[in-house]
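The values are calculated or read from the model by the stated rules, or taken from the named source; none is laboratory data. These numbers come from a predicted model, not from an experiment. Because the Cβ atoms are built from the backbone with ideal geometry, glycine has one as well, and the counts that use them run over all protein chains shown. Keep in mind that these areas ignore ligands, DNA and RNA; they rest on the heavy atoms of the full protein, side chains included. Shrake-Rupley method; radii C 1.70, N 1.55, O 1.52, S 1.80 Å.
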Amino acid sequence: MLRTDDGQTIKLADYRPSDFLLHAVDMTIRLFEGRAEIETHLALERRPGVAASVPLELDGDELSLAGLTLDGAPLDSSTYKASPDGLTVFSAPASGRFTLTVATRLVPEENSKLMGLFRSNGIWCTQCEAEGFRRITYFLDRPDVLAPYRVRVEADKAAAPVLLSNGNPVESGDLPGGRHFAVWDDPFNKPSYLFAMVAGDLDAVHEQFTTASGRAVTLGVYTEKGRSAQAAYAMDALKRSMVWDERRFGREYDLDVFNVVAIADFNMGAMENKGLNVFNHKYVLLDENIATDSDYAGVETVIAHEYFHNWTGNRITCRDWFQLCLKEGLTVYRDQEFSADEREATVQRIGSVRRLKAHQFPEDQGPLQHPVRPGEYREINNFYTATVYDKGAELVRMVATILGRDGFRKGMDLYFDRHDGMAATIEEFLACFTDATGTDLTQFALWYAQAGTPTLSVSQSYDPEADRLSVTLKQALEPGAAATQTAPMHIPVRFGLVGSNGQDKEAVTTSEAVVGDVIHLREPETTVVFEKLGDRPYLSALRDFSAPVTLKHEQSEADRLALARLDPNLFNRWRILNDLVAEALTTASRSGADATASPFASEIVEAILASASDQSLEPAFRAQALALPGETDVARLVGENVDPDHIHAVVEAARRQIGESGARLFQELHAELASDGAFSPDAASAGQRALANSALAYLVAATGDPAPATRQFSEARNMTDRLSALSLLLHHFPNSPDTIAALAEFYERHEADELVLDKWFALQATIPDASALERVETLAAHPKFTLRNPNRVRALIGTFAAANQVAFHRADGAGYRWVADRLAEIDRINPQISARIATTFRAWRSLEPVRRDYARKVLRQLVDLEHLSKDLRDIVERSLR
Ligand code: B3K
Ligand code: ZN
C-alpha cells in the first residue's frame, strides 16, 4: 500500500504573492559551544489590500521560539501561535511598517541534516537553499520575499577568529570574555535562501581583483587549517570566471569582497550565497598529488557556476521554486560556455552530452520524470535534478541556437536590465528574448512544460537526376512520457551536408524551415529539399546535439562510417561513432545474444582506432573516441528485460576486442604520452593523460598482464595516473598480492586526507567481482567510514549503487537489500542524502523479472517503514508509481 497522506503537494498553479512585505532584516547570531542564539528583527508591512484579519504566517522547521516582540513590546500569548513548523501572529498591524523581533535557540552540533546552521569539523556554517533558513529563524522563507540584510555574528575569539556573512564587512571588535563580533551588511535585496554565515578557525588565501569598471574587490578562499595552499587553483578559476563574465555577458561583480569557504560536510557541491559561497571542499582543495584531472575540471566548473549565479540567481532570482531552472539551467549553460572557452569546446560538449544521456535521459524516461519546470512537488530538494539543471541548460542552449549569438546576447542584456533586483519567471525570461529580437518563442516554451525525451526521426533520399536531397524530420514522444503535450515542439536541428572531400556543401533550399545551418522543426513532420549539390552529400544531423532528443537517423552504415571519419563538425564525428558503438553493444546485450562474442563489426573497430590514432585531433578528443558507453547507458538503450551481468560481459568483451585489435597502437600511445613528471593541470596536458590512460586500460584488458599498470602505479607522479593504474589493478586482478599491496600503499600514503580516502572507498565500491557486496559491507565497518559525512556516504554507498551494476543488481537481490538497509539508516541522519541515493533504483521496472521483483519488494519495504523522511518517501513512492 502506498501512503499518499504524507506531506502536502505544492502546485505552481496555486502561486500567490505573500501577504506581508519584508523591508529589511537585522540579525544577531551568538555562537557558543553547544548552542546558538539568534535574534532577528524583521521590518514588515501588510501588503496593501490584504485584510487586517489575515494573520502573519512565518515558516519554521524544528524551531523553538525563545522570544517575540512587536515594535519592542512583548506579545501576549493569545496573539500568536508558535510550533516547530511555524509562527502565526494574529495581531500584525493593519497597515504601516512594524518590527517583529524573533528569538530562537539552536543546537548546531545536533543538526545532522546539514540544512540551516550546523557544524562541520568545528566550523559553524549555514546552508539555506531551498528551505533551510526556516531552520534558523521563523521567516517568510520563500524566494520572492527579498530584503537587505545586516548580520552581526558573535563568537569566542579562539574558536572562531573568522566571522563571515553576506555582503561587505562594516564593523568588528572585541567583546568581554574572550569573545568578538563582526557586522556584515548586504545592500542587495535577496531571498532568505541566499543567506549565509560562517564562523571558525580558518586559513585563507586573498587576492585583489579589479572589475572592468574599476571596482576593487578582495577575493578570499577560506579553508580548514593548513590547507590554503590547495586553494590556489580555485582562486585562479575564480578570477578567470570573473573576467569571462565581464567579456561574454557584460556582468561585473558588485560587492567589495567575494568569499568562498570550503567545508568537509556538505550535502551538495556548493552554494551561491550572496558574496559568501560555501563549498564542499571537494570542489576547492586540490593539487596533483590528491586530485585527478577531472577533479580539476570539476573545481573550475563549480567555482564558475557559483560565481555566475551572482547574476543569474542572485541579482535576478526565482519567483518560486517551480522556476528553479531559471537560475540553474541558465547557470549550467553559462558554466558550460565558460568551460568551452577555457578548454577544448568540442571535448567539453561531448562531456556535457555524455552526462545528459547518462543522468538526464534515464530520469526523463523513468518514473521520476518531470518537466524542466515541474508543475508540482512534495519535497523541493528532490527537484535539484539532472532535468532541471542539465536539460534546463539544453533549453537555454536551444534559445541561443534559435536566436544566434548576437540575438541571444541582446535577450540576456534585456533580462539583466529588466529584472535586476527581482524574482522572475520562465515566461518573463523568454519574453526578454522575444522583445529583444522579435522572435516568437510561444511554441518553444512547451519544452519547459513537457516531460520525456522527444524522439527525432530523420531520413533522406537523394535524386541524382534532379540533384536534390529530400530530408524528412519527424517528432514524437515515447508512449511512456507524461501525456501533457498538447502540440508539437520547436526543435532546432543543426545540420551539415558533407561532401566526400570532408567539406560542407552550401545548403541551397527554398524551405522556410531552414535558417543558416539550422532546420527548425515545428510540425509533427517536415520535409526539406536541398538543391544544386553536385553529388550526393552525407547528411550530418543534430550537430553539437542542438536539441535534447533521441535521434533515430535512418542512414546506411557506410554513410555513418564516412561521417565518423570526415565530418568537419567534430562533435558529430564523435557522436556518430559513439552511436554505432552503443548500438552494437545494445544488440549484443539483448537477451538471447552471446555475451562473450566480440560485439563489433571490424569496420567499427577500425573507425575507433582511426580516430584514436589521428594525430590531427586533440588527444582529449581521441580519448573520447575510445571511451565506451557505460553499462547503465547500455541498460537504458536495451530498455526492457535488462540483465546487468550480461551487459557487463558484453562491455568487457568489447574492451578486449578493441584492446586486441589495437594492441600496437595502445602500446605506442601509452609509451609516447607517458607523463615526464612535470605536472600541469591545463586541458591539453589532461587530454594527453586521458589518452595515455585509456591506452593503458585497453592494453591491460587485452593482455591480462598487470605489469604496465603496476609499473605506472609505482612511478606515477600525479593522482590521475596513480588512480587510473590502481583502478585497473583492482578491476582486473582484485585478489593479486600486487594489487593488495598497491591498495594498502595508497591508503597509507593518503590516510590523513579525507578527499583521497573518498577515492579509496569509491574505487573499491566499483569492483564488480563476486566478493563485491562483502567488500562494501566490510568497508562500511571500516573505522574511517561514517554515515555522517555526505562525501563518504556517496563514495561508498552511492558509488556502489550507481556504478557497480553487477553487484548492486545481484540476481539474489542482496545488493538491493544492502543499499535499502543503508538508506533507512542514512535517512534518520540526513534525508537529502538518502533520497538522492535512492534514485539509483529508478530503472527497476526495466530489469528482467527476477531482479525486478526483488527491487520492487525492497522499495515496498522501504516505503512501509514508519519513520521515513518526506524526502525519501517522495522518491520511493514516485519510483513505485
Ligand atoms: N543552488 C545550489 C543547490 C542547492 C541545493 C538545495 N537542495 C548549488 C547550485 O546549483 O549552484
Ligand atoms: Zn546552481
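Listed by chain and number, the lysines whose C-alpha is less than 16 Å from the C-alpha of LYS190, apart from same-chain residues fewer than 8 away, are LYS274, LYS327.
Here the peptides 298-307, 676-685 are ranked by packing, the mean other Cβ count within 10 Å, and the order with the highest first is 298-307, 676-685. When the alpha carbon coordinates of the chain are projected onto the principal axes, the ranges are 88, 69, 62 Å, largest first. Size descriptors for the range 317-449, from the alpha-carbon set: Rg then Dmax equal 14.7, 40 Å. Taking a quarter of the surface of the Cα convex hull of the range 176-306 gives a mean projected area of 9.5 nm².
Taking the DSSP beta bridges with both ends in the range 22-201, the antiparallel portion is around 90 percent. Relative to the Cα centre, the charge distribution of the chain, modelled as +1 at Lys and Arg Cβ and -1 at Asp and Glu Cβ, gives a dipole magnitude of about 940 debye.
Couplings 3J(HN,Hα) of the range 337-344, computed from phi: 5, 4, 5, 4, 6, 7, 10, 9 Hz, in residue order, whole Hz [Karplus 6.51 cos²θ - 1.76 cosθ + 1.60, θ = phi - 60°; x for Gly and Pro]. The length gained on full extension between SER53 and LYS81, counted as 0.36 nm times the residue separation minus their Cα-Cα distance, comes to 8.6 nm. Annotation: amide H of ASP141 within the under-5 Å range of ASP59, sequence separation 5 or more or interchain, hydrogens built in the peptide plane. The charge dipole of the range 751-881, taken about the Cα centre with unit charges on the Cβ atoms of Lys, Arg (+1) and Asp, Glu (-1), comes to about 500 debye, rounded to the nearest 20. Normalised radius of gyration (Cα atoms, divided by 2.2 N^0.38 Å) for the range 455-555: 1.10. For the range 5-102, the gyration tensor built on C-alpha atoms gives an oblate shape. Its axis ratio a/c (a ≥ b ≥ c) is at least 1.5, and a/b is not larger than b/c.
Solvent-accessible surface of the range 202-278, averaged per residue with a 1.4 angstrom probe and all protein chains in place: 31 square angstrom. Debye-formula intensities of the range 581-705, expressed as log10 I(q)/I(0) at q = 0.09, 0.15 Å⁻¹, are -0.27, -0.69 (one equal scatterer per alpha-carbon, no solvent).
Kirkwood-type hydrodynamic radius, the range 499-622: 16.4 Å, calculated from all non-identical alpha-carbon pairs.
Ordering of 186-195, 821-830, 27-36 by packing is 186-195, 821-830, 27-36, highest average first (other Cβ atoms within 10 Å, averaged per residue). Within straight-line reach of LYS410, meaning a Cα separation under 12 Å, sit the following aspartates and glutamates at least 8 residues removed in sequence or on another chain: ASP435. For the range 22-201, the dipole from Cβ point charges (+1 on Lys and Arg, -1 on Asp and Glu) about the Cα centre works out to 180 debye, to the nearest 20. Rounded to the nearest percent, how much of the accessible area of the chain (1.4 Å probe, protein heavy atoms only) is carbon and sulfur? So the carbon and sulfur contribution to the accessible surface is 48 percent.
In whole percents, the pair-distance distribution calculated for the range 751-881 from its alpha-carbon pairs, binned every 10 Å from zero, is 13, 46, 33, 7, 0.
Given R₀ = 56 Å, what would the calculated FRET efficiency be for TYR462 paired with ARG97, taking r from the Cβ atoms and rounding to 0.05? According to the calculation, E is roughly 0.15. Radius of gyration over Kirkwood radius for the range 634-745, both on Cα atoms: the Rg/Rh ratio is 1.02. Each of PRO706, THR720, ALA752 was placed along the dipole of the range 698-756 (beta-carbon charges, centred on the mean Cα), and the one lying farthest toward the positive end is PRO706. Taking all pairs of distinct Cα atoms, average 1/r, flip it, and tell me the Kirkwood hydrodynamic radius of the range 202-278 in Å to one decimal place. With all distinct Cα pairs of the range 202-278 included, I get 13.1 Å. Please give the helix 426-437 orientation as an angle from the longest Cα principal axis of the chain, in degrees from 0 to 90, rounded to the nearest 10. With rounding to tens, the tilt is 70 degrees. In this rough spin-label picture, where each label sits 7 Å from Cα along the Cβ direction, the ASN641-ASP440 distance is 4.8 nm.
Projecting the Cα positions of VAL302, CYS318, ALA264 onto the charge dipole of the range 263-354 (unit charges on Cβ atoms of Lys, Arg, Asp and Glu, taken about the Cα centre) puts CYS318 furthest along the positive direction. Scaled to the globular estimate 2.2 N^0.38 Å, the Cα spread of the range 696-809, given as radius of gyration, is 1.03. For the range 130-146, putting each phi into the Karplus relation 6.51 cos²θ - 1.76 cosθ + 1.60 with θ = phi - 60° gives couplings of 8, 10, x, 5, 5, 8, 9, 8, 5, 6, 7, 8, 8, x, 8, 9, 10 Hz, in residue order, rounded to whole numbers and with x for Gly and Pro.
Looking at the chain, the DSSP beta bridges with both ends there are about 80 percent antiparallel. On the principal axes of its alpha carbon atoms, the range 22-201 extends 50, 31, 31 Å, with the longest extent given first.
Within the same chain, lysines fewer than 8 places from LYS474 are excluded, and of the rest, those with a Cα less than 18 Å from its Cα are LYS552. Principal axis analysis of the Cα atoms in the range 13-70 yields extents of 45, 24, 18 Å, listed in decreasing size. With both labels modelled 7 Å from their Cα along Cα-to-Cβ, the THR69 to ASN289 distance reads 5.6 nm.
Computed with a 1.4 Å probe over protein heavy atoms only, the accessible surface of the range 455-555 comes to 48 Å² per residue. If you take the square roots of the eigenvalues of the alpha-carbon gyration tensor of the range 136-199 and sort them as a ≥ b ≥ c, do you get rounded (a/c under 1.5), prolate (a/b over b/c) or oblate? Cα axes put the range 136-199 in the prolate bin. In the chain, a dipole from Cβ-located charges (positive for Lys and Arg, negative for Asp and Glu) runs towards its positive end, and of ALA234, ASN501, ALA593 it is ALA593 whose Cα lies farthest in that direction.
Packing, taken as the mean count of other beta carbons within 10 Å per residue, orders the peptides 204-213, 701-710 from highest to lowest as 701-710, 204-213. For trypsin sites (Lys or Arg not before Pro), the sites in the range 497-534 that DSSP calls loop and that have at most 12 other Cβ atoms within 10 Å are LYS532. Legend: calculated FRET efficiency, SER736 to SER616, from the Cβ-Cβ distance at R0 = 60 Å, rounded to 0.05, equals 0.90.
Looking at the range 22-201, the accessible area is 37 square angstrom per residue; that uses a 1.4 Å probe and ignores ligands, DNA and RNA.
Rg and Dmax of the range 80-177, based on Cα coordinates, read 15.8, 47 Å. Would you mind classifying the range 542-611 by shape? Square roots of the alpha carbon gyration tensor eigenvalues, ordered a ≥ b ≥ c; an a/c under 1.5 is rounded, otherwise it is prolate if a/b is larger than b/c and oblate if not. Because a/c hits 1.5 or more and a/b fails to exceed b/c, the range 542-611 counts as oblate.
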